[in-house]
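> This is the structure I have questions about; it appears just below.
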Amino acid sequence: MSATQTVFTNAKLADGTLKDIVVQDGRITAIGETGSSQGVKDVVDIGGALVVPSFVEGHIHLDTSFYGDRWIPHKPCINGFDVHERVAFQAENMAAAAPMDERARNQLDLCISNGALQMRSHVMVDGSVGLKSLETILSVREEYAGIIDIQLVAFPQSGILKSPGTPELMDEAIAMGADLVGGLDPLSFDRDIKGHLDVVFGIAERRGVDVDIHLHDAGTLGAMTIEEICARTTALGMQGHVAVSHAYGLGDLAPEAAKKIAALIARSGVSIMTNAPGNHNFPPVALLRAAGVNVFSGSDNIRDSWWPFGDGDMLRRAEIIAYRSGFYTDTELSAAFDVVTAGGAKALRLEGYGVAVGAKADFVTLAAEHVPEAVVAMPKPRRVFKEGRLVAENGAVIR
């Protein structure tokens, strides 16, 4: 036996069976009957807890959260939700906040302790902040290497065309280590869908990176933008490499219109991210999945200038999605779980994800009989393992 081999015994799998999970050099090498690995010195008893893949935090903002900082009361928009106004509030709050690296660490510890070991964070890169935020978050990401895998998106929070110098900054951000290029409401914010997407997809094509675009626009405005993003994706052969985050407008469409655009999204291989926020219509998860669209999720904002909510728990996010979608059956609850696990893994194009032979040994233990119960009960405490090493227990990260 290799010195790096560990057996996780009495592990309950999603099908209800108790198994031994053998891990060597950070990967699952075998899954067998409990007690079949006698004589192994390094044994971890899971005690019959449910073992699930680590959660995928597919959309978060490490640079703008105030989690762990002083409480900042929410300031509502003057005349209904307005992205420009919220961006202005954010700038005011950020100027008085604790250092960004401290707040980012607080948020990472929160997410890891809840079982998220894969993350995609959007980081502001535009004329208002330059590359300073990205430099800070890149440094924090390095600190957490080996505990959580983090993808970073160069995110133009102040727009691309409206913010002088932003296209060049976003290109430089990729050269510095950002993994994806982002965008923001090409029609309503920059008022130029072609110009905006020319920059985003131009950088993506030149640098060979994926795309993840924020889209808050409602109704037909949002649908029109999605159609154009799908067309660009297909024309460039980027199927599977593009995501649209929020896509509120999909939740405004009549059923037949929603089915039509869902088929288009599926054909283009564009993933849709939703966190099912309470004050917006949100994409019809069941309809999209039935059409073959990959749907994933994230916490989005955690206690920041956009809203005071968020606990970094993707299992709770699955419960919110299920609750707002009217999911009641075990099959539906399992679909909500898939959105925060396998759906995120597909959108982030993760290699070696899942509880299976050959996969990375990134998993979470839950006191639940099965996945549907886990979604509604959101049980704690949890044990969180990264490549077979315990990295969080009882709500605290272990270093």
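The values are calculated or read from the model by the stated rules, or taken from the named source; none is laboratory data. Note that the coordinates shown come from a computational prediction; the quantities given were computed from them, not determined experimentally. Cβ coordinates were reconstructed from backbone atoms using ideal geometry, including for glycine residues, and neighbour counts include every protein chain displayed. Heads up: the accessible areas ignore ligands, DNA and RNA and are worked out on the full protein's heavy atoms, side chains in. Shrake-Rupley method; radii C 1.70, N 1.55, O 1.52, S 1.80 Å.
> Mark the label point 7 Å from the Cα of Asp330 along Cα→Cβ and return the residues of the stretch 1-40 whose backbone N is within less than 17 Å of it.
12-18, by backbone N distance to the label point.
> Give the accessible surface of the chain per residue, rounded to a whole number of Å², with probe radius 1.4 Å and ligands, DNA and RNA excluded.
That works out to 39 Å² for each residue.
> To continue, here is another question. Starting from the eigenvalues of the Cα gyration tensor, five times each then square-rooted, give me the equivalent ellipsoid semi-axes of the stretch 1-115, largest first, whole Å.
46, 16, 11
> What percentages, rounded to whole numbers, describe P(r) for the stretch 141-273 computed over all alpha carbon pairs with 5 Å bin width beginning at zero?
2, 11, 21, 22, 19, 13, 7, 4, 1, 0
> For the stretch 202-272, give the percent of accessible area contributed by carbon and sulfur heavy atoms, probe 1.4 Å, rounded to a whole number.
56
> Here's a follow-up. Along the Cα→Cβ direction, 7 angstrom out, place labels at Lys75 and Ala95. What is the inter-label distance in nm?
The modelled label-to-label distance comes out at 0.9 nm.
> Set the bar at 23 Å for Cα to Cα. Now go through Lys12/Lys380; Lys19/Lys386; Lys19/Lys346; Lys75/Lys132; Lys162/Lys346; Lys132/Lys194 and name every pair that lies beyond it.
Lys19/Lys346; Lys75/Lys132; Lys162/Lys346; Lys132/Lys194
> Based on Cα positions only, what radius of gyration and what Dmax would you give for the stretch 46-188, in angstroms?
Final numbers for Rg and Dmax: 16.4, 57 Å.
> Using only the alpha carbons of the stretch 216-273, what is the convex hull's orientation-averaged projected area in square nanometres?
That works out to 3.3 nm².
> Mark the label point 7 Å from the Cα of Thr220 along Cα→Cβ and return the residues of the stretch 263-282 whose backbone N is within less than 20 Å of it.
Once the point is set 7 Å along Cα→Cβ of Thr220, 263-265, 281-282 turn out to lie under 20 Å by backbone N, inside the stretch 263-282.
> When DSSP assigns beta bridges and you keep just the ones with both residues in the chain, what percent turn out antiparallel, to the nearest 5?
Here the share of antiparallel DSSP bridges comes out near 45 percent.
> So how far apart, in nm, are the two label points at Ser36 and Arg191 if each is 7 Å from Cα heading toward Cβ?
Result for the modelled spin labels: 6.6 nm.
> Next question, about the same structure. For the stretch 253-330, what is the per residue volume of the convex hull drawn over the alpha-carbon atoms, in cubic angstrom?
With only Cα atoms used, the stretch 253-330 gives 105 Å³ per residue.
> What are the equivalent ellipsoid semi-axes of the chain, built from the alpha-carbon gyration tensor (square roots of five times its eigenvalues), in whole angstrom, biggest first?
35, 23, 20
> With no solvent and one equal point scatterer placed on each C-alpha of the stretch 88-170, evaluate the Debye formula and give log10 I(q)/I(0) for q = 0.11, 0.18 Å⁻¹, two decimals.
Debye output, listed in q order: -0.32, -0.81.
> Still on this model: For the stretch 344-399, take the convex hull of the Cα atoms, compute a quarter of its surface area, and give me that in nm², please.
Computed as one quarter of the Cα hull surface, the answer is 4.7 nm².
> Counting only protein heavy atoms and using a 1.4 Å probe, what share of the accessible area of the stretch 56-184 belongs to carbon plus sulfur, as a whole percent?
53
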